[in-house]
Every structure is written in C-alpha cells, then in structure tokens.
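Q: The structure under discussion is supplied below as structure tokens; questions concerning it will follow.
The values are calculated or read from the model by the stated rules, or taken from the named source; none is laboratory data. Everything numeric here is computed off the predicted structure, so don't read it as measured data. Glycine gets a Cβ as well: all are built from the backbone with ideal geometry, and neighbour counts include every protein chain shown.
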Amino acid sequence: MTPLLQVENLAKFYGPRIGCTDVSLDLYPGEVMGIVGESGSGKSTLLNCLAGHLTPDRGAVRFDTRADGLRDTVTMSEPERRMLSRTDWAFVHQHARDGLRMNVSAGGNVGERLMAVNARHYGAIRDEAIDWLGRVEITEDRIDDRPTAFSGGMQQRLQIARNLVTGPRLVFMDEPTGGLDVSVQARLLDLLRSLVREMNLSAIIVTHDLAVVRLLADRLMVMKDGHVIETGLTDQVLDDPQHAYTQLLVSSVLQV
Amino acid sequence: MISIENVSKSFVLHNQGAANISVMQAASLQVAPGECVALTGASGAGKSTLMRMIYGNYLTETGRIMIGDVDVARAAPREIIQLRRRTLGYVSQFLRVVPRVSTLDVVAEPLLVTGTPQDKALRTAQDLLARLNIPERLWSLSPTTFSGGEQQRVNIARGFSYPYPALLLDEPTASLDPTNRATVLEMIKEAKARDAAIIGIFHDHAARDAICDRQVDMTQYTPGLAA
C-alpha cells in the first residue's frame, strides 16, 4: 500500500534556531497520527511545513496525489499546492477565526469552499451546506448567521464543516479542542472520530492534550526541542513510554 | 495461534533515578486454536504485563510474540492496528470509551470498523447486551455513568462482538453476579468451540477450572520470585 503522506528528513530553521529537524514519517490512508510536545517543541512548525504553510529548509513531503501518485509538495508549483489545499487537504486551526471568514454567514463559509472547487449551482451548494451544518450539529435555522454570533464550540464545528465539505483525504489539525471547555471538547472529539471513520480520513493532530490523542490517534509522535524523541502506537507510547521526557509528560497528567 | 518465545521485559524509570526494574525473564507459552490457557501467580508476577505485551500495549525487548504470522514484538504500529481489528481481541478490566457514544455503538464498533453493515452490527450488539442483562433502556446511553458491573458487561459484549481468532481476557468474571458470570463462562466456551485461542487471568478459581485447559504460573518467569 502507498502511504498517503511520506515525510523524509524534514528540517526547518529560524535563523540559527531549530524549528524542527530530522523528521521522517509515513501516514497511511485512514490513519490518525497525534503529535504531542510542550510549547516550543516544534510541533506546530512541523504541521505548517507539512501543510505547505511554511517552506522547509531540508527534506521532502510527498503526498499521494490522485492524478500522479506521490509528489513532493515542497518542490511543486504554488498553484498545484494551492489546489491540493483546496481539495485533498484540510486545515483545522486552533482558533476558529483563523479558519473562518467571520463576516460571511455560516452557510457562506461552507459554500465558499465548494465554489472554490467549481460548484456553481446555488441550490445545490445551499443544500450541501445545510447537510454539512447538520452533520456538525448546527441547526438549519442558523445558516444565515455569521460565525461572530456563534459560541466557541459552534465556531469550531463550523470550521470543521467548512474544511470537510470538499471531501479531503488528509486533515491537519492544530489543537482542535484547545480553549474549549471539557463538555464541548467531548462532543467535538466524538464528532471527529465518527467523521474520520465514515470518510476514511487520514489526519495529523497537533495537541498537548494526551487525553485527546488517546481517543483520536492511532499513532503518536513525541517532540522535544525540535526533535522527534519517541514514536509508536498511541496506547503503547502512553502506557509504556521509553524516553525520559515522555515518561515525565505522561506522569505529569493529573488523574481525574 | 499464539506462540510466545523467550520474551523479557524491564521498565527503566528515568525520572526515578533511572531505576531499571526487570519484571519478566525468558517467558514462553504456546496456545493452540480452541485452547484456553490461564496465567496464574501472585499479584506482581507479570500476568497483566504479559497480556499487554501480547496486545502490543507494552514493548517487548527480546523474544518473539507470534499471533498467526505477525510478530507483535517487531511489528510496525500499522500492522498491530490491523491485528487488533481482525485477529486479536482484548477484554481489559476497565472500559475506556469516548464520552457521549451510546452503549449500543460501543459494542457494535468492532464490527463496524471491520466492515459489517450497520443493521447487522447493531443487531449483534443488541443480542449481546440482552444476553448480558443490560436493560434495554440503557442501550442509548453512554456507559461512562454505569455501575462497575454494568461497565464490565459492556466491555465483555464489546470484546465478544467480533469473532476474533485470538482473545485476551483480564478478569472477565470479576464483579459479576452468578447469573452473568455463568453467561460469560458460556460465551468463553462458545469462543473456544469456534476455535479461538484464549489467554486469560482469572482470580475466580472455579471459573478458571471450568474453562481453562491449562495453567501457566508466571512466577517462574519473574526475576526475584522464581523458585
């Protein structure tokens, strides 16, 4: 089986400082990988390199494109990369306002992504938008409201609908449940899990919340100071951590 | 079906003076299809540790753990995920679920991820829950709020919904009343009858004697405890 995403020896530096370095990974269709680490560990830098938001200084990021198989997204042309990010990729930001257009209606936010992939029929776009709002548990009567009128949890669900409406194959998520209270988090996690299964999505989730990765991720990568220090099956890394830092991380979680 | 050869395990606790605790030395065990083997030994003898190593939850330093033709000690995470989906089931002592997911969906999930149509998966889940005396009015609720015994039965229903060829059972009859205990023993016998290879931990000696073909004393593999 061909991996959906293949990362080889990726490195990104900020001047003399390391953003992340020596990162290699394979992600297969339907797999969810979590990346954990403290602030400044390089996990967001890595995610942004993978999603084409930052240009890595070294290494390759190969994506299994529908037309030509594995292509290095670092060296492909800007229009090609933009096309991928509109179709096969999705990016869920920690702050919904970074991923939404706050002065456009909820329906418009979802419909806009569809129009970007050449959907033109207004009625069809609206129906699709309503369908997706329903899937993320936003009722139809809120379709004309702007995201500014939504709660944090609703904004996050709207962002997910906007991202998934085009049927992407790979979703990047940066702290998707950060800043939400726990009951809202649980609802969002449940939603993400069922969408991942129904759409056979692959996802890379950056978070510092170990409970989130235990529920969502099949595999886990632990980063510290820009380096990957441990990888493996999620429950194995959490229950039998090998590296000193991972042991510290796991033992620092407060038991409820 | 399950073949464990010469496995050892130690834990290095980096944040506690790099203490190196050796917990298992050269353990070996063979389980044939249709056979049920009980792990015995006092608390701390490494029974649960071995179960977790077999499930890929703990890393194995040396030796081999073959489940069919997959060596869990060396398999990539992706291979272990596949193995857990279709070959190796595990009924742990504790239920770990996503909040908000209904009991019915929790039990049906192993079937759904392996491609069983939704209606058939839900029917199987309903049958299992009814058999284990979980009242129907609880099926649409999340098991997170259930009593210990109810959670344990949901856990068992989930573990038995997909017919895994290899099964790990950690105290499956603990905290069950006599009726449900008898049902669970019946389910284990049925799993044996369809040729599942089973490894179990049973503090319930009567249950152990009723369903296990052999016992393996883990103490013999525990450094410091071995006679």
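Q: Hey, does the stretch A:172-194 have a residue that's of a type in the set (D, E, K, R) and under 21 Å from A:GLY42 (Cα atoms)? Quick ask: steps written out before the conclusion?
A: Step one: filter the stretch A:172-194 for residues of a type in the set (D, E, K, R), giving A:174-175, A:181, A:187, A:190, A:193.
Next, from what is left, pick out any that are under 21 Å from A:GLY42 (Cα atoms): A:174-175.
Yes.
Q: While we're on this one: In the stretch A:210-243, what count of residues is obtained for those that are under 15 Å from B:PRO77 (Cβ atoms) and basic (Lys, Arg)?
A: 2
Q: Something else now. Could you list all residues from the stretch A:179-214 that are of a type in the set (S, T, N, Q) and under 20 Å from A:MET154 (Cβ atoms)? First the steps, then the outcome.
A: At the first step, the residues of the stretch A:179-214 found to be of a type in the set (S, T, N, Q) are A:183, A:185, A:194, A:200, A:202, A:207.
Of everything in the stretch A:179-214, those that are of a type in the set (S, T, N, Q) and under 20 Å from A:MET154 (Cβ atoms) turn out to be A:SER183, A:GLN185, A:SER194.
Q: Quick one: count up the residues across the stretch A:199-221 that are at pLDDT 90 or above, in a loop (DSSP other than H, G, I, E, B) and of a type in the set (S, T, N, Q).
A: Summing the residues that are at pLDDT 90 or above, in a loop (DSSP other than H, G, I, E, B) and of a type in the set (S, T, N, Q) in the stretch A:199-221 gives 1.
Q: Is it the case that some residue within the stretch A:222-231 is within 21 Å of A:MET154 (Cα to Cα), more than 9 Å from chain B (Cβ to nearest Cβ) and in a loop (DSSP other than H, G, I, E, B)?
A: At the first step, the residues of the stretch A:222-231 found to be within 21 Å of A:MET154 (Cα to Cα) are none.
Taking every residue of the stretch A:222-231 in turn, none turns out to be within 21 Å of A:MET154 (Cα to Cα), more than 9 Å from chain B (Cβ to nearest Cβ) and in a loop (DSSP other than H, G, I, E, B).
Q: Okay, next question. Which of the residues spanning the stretch B:166-187 are out of contact with any strand residue (DSSP E or B) (no Cβ under 7 Å at 6 or more places or on another chain) and of a type outside the set (S, T, N, Q)? Break it down into steps so the answer makes sense when it comes.
A: Taking the stretch B:166-187 and keeping what is out of contact with any strand residue (DSSP E or B) (no Cβ under 7 Å at 6 or more places or on another chain), we get B:173-187.
Listed by number, the residues that qualify are B:ALA174, B:LEU176, B:ASP177, B:PRO178, B:ARG181, B:ALA182, B:VAL184, B:LEU185, B:GLU186, B:MET187.
Q: Given the structure, is B:ALA73 within 14 Å of another protein chain (Cβ to nearest Cβ), touching a residue at least 24 places away in the same chain (Cβ under 8 Å), of a type in the set (Gly, Ala, Ser) and surrounded by 15 or more Cβ atoms within 10 Å (Cβ to Cβ)?
A: Details: within 14 Å of another protein chain (Cβ to nearest Cβ): yes; touching a residue at least 24 places away in the same chain (Cβ under 8 Å): yes; of a type in the set (Gly, Ala, Ser): yes; surrounded by 15 or more Cβ atoms within 10 Å (Cβ to Cβ): yes.
Yes: the conditions hold for B:ALA73.
Q: Among the listed residues B:GLU35, B:GLU79, identify the single one that is charged (D, E, K, R) and within 30 Å of A:LEU192 (Cα to Cα).
A: Just a single option satisfies the conditions, and that option is B:GLU79.
Q: Then there is this: Being at the interface with chain B (Cβ under 9 Å from one of its Cβ atoms), within 20 Å of A:PRO176 (Cβ to Cβ) and of a type in the set (D, E, K, R): is that true of A:ASP239 here? Steps first, please.
A: Details: at the interface with chain B (Cβ under 9 Å from one of its Cβ atoms): yes; within 20 Å of A:PRO176 (Cβ to Cβ): no; of a type in the set (D, E, K, R): yes.
For A:ASP239, the condition - at the interface with chain B (Cβ under 9 Å from one of its Cβ atoms), within 20 Å of A:PRO176 (Cβ to Cβ) and of a type in the set (D, E, K, R) - is not met.
Q: Of everything in the stretch A:204-256, what is out of contact with any Asp or Glu (no Cβ under 9 Å at 6 or more places or on another chain) and at positive phi? Give them in sequence order.
A: A:ASP225
Q: Now a separate question. Hey, can you tell me all the residues within the stretch A:172-185 that are within 13 Å of chain B (Cβ to nearest Cβ) and surrounded by 20 or more Cβ atoms within 10 Å (Cβ to Cβ)?
A: Answer for the stretch A:172-185, where residues must be within 13 Å of chain B (Cβ to nearest Cβ) and surrounded by 20 or more Cβ atoms within 10 Å (Cβ to Cβ): A:THR177, A:GLN185.
Q: Among the residues of the stretch B:63-76, is there at least one that is at pLDDT 95 or above and assigned to a helix (DSSP H, G or I)?
A: No.
Q: So, one more: Show the residue pairs that are 6+ apart or on different chains and have beta-carbon atoms under 6 Å apart, the first residue being within the stretch B:153-182 and at positive phi, the second being in a strand (DSSP E or B).
A: Cβ pairs passing all conditions: B:GLU171/B:ILE201.
Q: Additional query: Please find, among B:ASP105, B:ASP127, B:ASP177, B:ASP119, the residue that is within 25 Å of A:LEU210 (Cα to Cα) and at pLDDT 90 or above. Before you say what the answer is, go through the steps one by one.
A: Working: B:ASP127 fails: within 25 Å of A:LEU210 (Cα to Cα); B:ASP177 fails: within 25 Å of A:LEU210 (Cα to Cα); B:ASP119 fails: within 25 Å of A:LEU210 (Cα to Cα).
Among B:ASP105, B:ASP127, B:ASP177, B:ASP119, only B:ASP105 is within 25 Å of A:LEU210 (Cα to Cα) and at pLDDT 90 or above.
Q: For the stretch B:13-65, enumerate the residues that are at positive phi, touching a residue at least 12 places away in the same chain (Cβ under 8 Å) and within 13 Å of another protein chain (Cβ to nearest Cβ).
A: B:GLY56
Q: A further question follows. For the stretch A:22-76, which fully contained strands (runs of 3 or more DSSP E) count at least 3 residues that are under 18 Å from the mean Cα position of the chain (by Cα) and within 14 Å of chain B (Cβ to nearest Cβ)?
A: Details: elements: A:32-36, A:58-65, A:69-72.
It comes to A:32-36.
Q: Now for a separate question. Name the single residue, out of those in the stretch B:116-149 being touching a residue at least 40 places away in the same chain (Cβ under 8 Å) and outside any loop (DSSP other than H, G, I, E, B), that is nearest to B:VAL106 (Cα to Cα).
A: B:PRO143
Q: Within the stretch A:101-119, track down each residue that is of a type in the set (Lys, Arg) and within 19 Å of A:PRO168 (Cα to Cα). It would help to see each step written out before you state the result.
A: Step one: filter the stretch A:101-119 for residues of a type in the set (Lys, Arg), giving A:101, A:113.
Within the stretch A:101-119, just A:ARG113 meets the criteria.
Every residue, every condition in (1) surrounded by 22 or more Cβ atoms within 10 Å (Cβ to Cβ); (2) of a type in the set (Gly, Ala, Ser), yes or no:
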{"site": "A:ILE18", "(1), (2)": "no, no"}
{"site": "A:LEU25", "(1), (2)": "no, no"}
{"site": "A:VAL36", "(1), (2)": "yes, no"}
{"site": "A:GLY42", "(1), (2)": "yes, yes"}
{"site": "A:CYS49", "(1), (2)": "yes, no"}
{"site": "A:PRO56", "(1), (2)": "yes, no"}
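Q: Those residues that are outside any helix (DSSP H, G or I) and either under 23 Å from the mean Cα position of the chain (by Cα) or of a type outside the set (S, T, N, Q) (or both), I need them from the stretch A:127-147; list them, please. Give the steps one after another, and end with the answer.
A: Filtering the stretch A:127-147 down to residues outside any helix (DSSP H, G or I) leaves A:136-139, A:143-146.
Once the filter is applied, which keeps residues that are outside any helix (DSSP H, G or I) and either under 23 Å from the mean Cα position of the chain (by Cα) or of a type outside the set (S, T, N, Q) (or both), the stretch A:127-147 yields A:VAL136, A:GLU137, A:ILE138, A:ILE143, A:ASP144, A:ASP145, A:ARG146.
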